[in-house]
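Trainee: Below you will find the structure I want to go over with you.
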Amino acid sequence: MDLHKGATSKQPVPEAELRAWGACLLDPKSTLVERSRALWGLRHAMEPLAIELIAAFLCDVVPPSSVANELLQHEAAYCLGQRGDAEAVPYLVTVVRDSRHPPVVRHEAAEALAALCEFPGVDVELVESVLAEFACCDVVELAETCQLGLGRLTWLRQQAGRQPRCEIAKQIFPDTVDPAPGLELSSSVDGATLRDIMMDPAKSLFTRYRALFSLRDCILEARLNPSSVSADALAALLAQGLKATGSALLRHEVAFVLGQLGMKVTVPDLADCLQSTSEHAMVRHEAAEALGAVIGQIEAEDESTKSEESITFALAARCVLKQFLIDDEPLVRESCVLALDIADYVSSNDQFQYAAVPS
């Protein structure tokens with residue numbers, strides 16, 4: 001999730017401001033929204049101190065501390081992985097190994113470790129050993145993430161020395177590192193085939209993830225270069241992944257990608273996912289945040305061209321998010337709070353950046 005409204009040249013952040021954000025993160029009296037914005041400010045700040053401040057919140061705070069927060073600490077691990085700094089590796093290893101952290105936080109730390117392996121200076125052998133150590137552990141979310149990460153490392157080695165592919169997603173989401181690459185496709189492979197691979201529990205999780213990201217890239221391509229298969233039709237195929245069997249981790253990634261795409265046609269599927277109280281909280285959390293992203297995209301549309309259908313979808317998404325602001329699962333209800341806040345940010349003309357990074 002990138003929360004900047006367009007490319008900016010990042011300017012230095014004063015140390016006092018960085019430390020104020022770090023203090024806000026560690027202050028249980030600050031609101032969830034304030035702490036989230038402080039975290040995203042640190043994520044986009046270039047200074048090494050930002051890593052230390054995020055890590056202090058992520059590593060040094062564990063339940064039952066009142067400062068601990070599953071949603072924000074999971075986001076903190078994500079931020080460290082997306083920054084691309086080798087200095088984050090020891091902190092993330094600490095979190096993966098610390099069983100006092102909730103599974104969702106440890107999962108995100110493991111995914112962040114794998115994400116960092118494409119950046120210079122990272123001790124890939126160390127990361128690989130940690131992922132292998134937990135790839136068969138009893139914490140399913142963590143084990144599957146480590147298996148996925150090992151698949152990514154194998155793929156990265158296979159790509160060494162090859163000319164990088166021109167990936168459409170890298171152009172559209174330049175600040176996001178995907179947990180798996182798309183499949184190497186022939187021109188005859190269609191969206192339904194990718195959907196079938198994604199949904200097949202007999203396939204490896206890494207292969208299913210690759211099909212998921214290939215399908216996302218097909219949607220992006222269809223948006224830029226309309227063809228006989230519409231982006232909406234492909235998005236409907238992707239949304240079927242919210243009901244994929246065999247892995248809550250996969251379903252949560254489907255919801256994340258739907259949030260990246262921000263397409264109104266997926267609102268009913270995301271709403272159904274959020275409303276399914278039997279679903280893993282990790283999946284419902286991503287569905288909530290995806291709904292917030294869709295609302296923001298719709299409400300940012302020019303009023304003169306916004307359709308009644310778009311307005312209906314946005315209202316429906318807001319309604320379901322408000323409904324689950326009192327959900328029993330903290331991860332879910334807090335995600336609804338942030339989803340509504342992010343939706344307001346995306347659609348606002350008054351706020352340029354979600355986090356106040358000087359630019």
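The values are calculated or read from the model by the stated rules, or taken from the named source; none is laboratory data. This structure is a prediction, so every number in the text was calculated from the model and none was measured. Quick reminder, even Gly has a Cβ in these numbers, built from the backbone with ideal geometry, and neighbours come from all protein chains shown.
Trainee: Please indicate, with yes or no, whether at least one residue in the range 25-38 is touching a His at 6+ places or on another chain (Cβ under 8 Å), assigned by TED's automatic domain parsing to the domain that holds C136, at negative phi and surrounded by 14 or more Cβ atoms within 10 Å (Cβ to Cβ).
Mentor: no
Trainee: Of the residues in the range 165-211, how many are hydrophobic (A, V, I, L, M, F, W, C) and not in a loop (DSSP other than H, G, I, E, B)?
Mentor: Initially, the range 165-211 is screened for residues hydrophobic (A, V, I, L, M, F, W, C), giving 166, 168-169, 172-173, 177, 180, 183, 185, 189, 192, 194, 197-199, 202, 205-206, 211.
Filter again for not in a loop (DSSP other than H, G, I, E, B), leaving 168-169, 172, 192, 194, 197-199, 205-206, 211.
Going through the range 165-211 one residue at a time, the tally reaches 11.
Trainee: Tell me, which residue of the range 203-212 that is surrounded by fewer than 22 Cβ atoms within 10 Å (Cβ to Cβ) and under 20 Å from the mean Cα position of the chain (by Cα) is farthest from K170 (Cα to Cα)?
Mentor: Taking the range 203-212 and keeping what is surrounded by fewer than 22 Cβ atoms within 10 Å (Cβ to Cβ), we get 203-207.
Still in the list and also under 20 Å from the mean Cα position of the chain (by Cα): 205-207.
Values: L205: 22, F206: 20, T207: 20 Å.
In this case the residue turns out to be L205.
Trainee: Continuing with the same structure: So, in the range 117-140, of the ones that are in contact with a helix residue (DSSP H, G or I) (Cβ under 7 Å, 6 or more places away or on another chain) and of a type in the set (D, E, K, R), which residue ends up farthest from Y209 (Cα to Cα)?
Mentor: D123
Trainee: Moving on. Could you tell me whether any residue of the range 43-56 is of a type outside the set (A, V, I, L, M, F, W, C) and under 15 Å from the mean Cα position of the chain (by Cα)? I'd like the intermediate steps shown before the answer.
Mentor: Residues of the range 43-56 of a type outside the set (A, V, I, L, M, F, W, C): 43-44, 47-48, 52.
Those still in the list that are under 15 Å from the mean Cα position of the chain (by Cα) too: 43.
Yes, that holds for at least one residue.
Trainee: Okay, moving on. Going through A169, A143, A114, A109 one at a time, which residue ends up being touching a residue at least 60 places away in the same chain (Cβ under 8 Å), under 22 Å from F213 (Cα atoms) and surrounded by 17 or more Cβ atoms within 10 Å (Cβ to Cβ)?
Mentor: A114
Trainee: Looking at the range 81-89, can you tell me whether even one residue there is surrounded by fewer than 22 Cβ atoms within 10 Å (Cβ to Cβ), in contact with a helix residue (DSSP H, G or I) (Cβ under 6 Å, 6 or more places away or on another chain) and not in a helix (DSSP H, G or I)?
Mentor: yes
Trainee: Are any residues in the range 266-281 closer than 30 Å to K306 by Cβ and either assigned by TED's automatic domain parsing to the domain that holds I197 or small (G, A, S) (or both), and if so, which ones?
Mentor: Our first condition is that a residue be closer than 30 Å to K306 by Cβ; within the range 266-281, this holds for 266-276.
Once the filter is applied, which keeps residues that are closer than 30 Å to K306 by Cβ and either assigned by TED's automatic domain parsing to the domain that holds I197 or small (G, A, S) (or both), the range 266-281 yields A271, S276.
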